[in-house]
Amino acid sequence: MAVPQNKVSRARKLKRRAHHALSEVTRTRCQKCNHQRLPHTICENCGHYRGRALIQIDEF
Ligand SMILES: [Zn+2]
């Protein structure tokens, strides 16, 4: 069985992991319908991107 040459202490391990937090996902609002969407993507609610309708969203 492999044995680690230097055991990492709890304090050193936790200090290393202090930088591992995920950042919050950035969202913007659609100019057409004000729906929240990811930046640089087509709005999934109305299919518009930069004021142009690029895909058709069927409404029921
Ligand atoms: Zn939209």
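Computed from the coordinates by the stated procedures, all read-outs in this text should not be read as laboratory data. None of these values were measured; they are calculated from a predicted model. Heads up, the Cβs are rebuilt from the backbone with ideal geometry, glycines too, and the neighbour counts pull from every protein chain shown.
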*How do T28, T41 rank when sorted from fewest to most other Cβ atoms within 10 Å of their own Cβ?*
T41, T28
*asked:* For a protection proxy built on the mean count of beta-carbon atoms within 10 angstrom, sort 30-37, 42-49, 2-9, 13-20 highest first, please.
replied: 42-49, 30-37, 13-20, 2-9
_Pairs of Cα atoms farther than 16 Å apart, the chain, %_ = 63
*In debye, nearest 20, what is the charge dipole magnitude of the chain about its Cα centre with +1 on Lys and Arg Cβ and -1 on Asp and Glu Cβ, if you could check?*
800
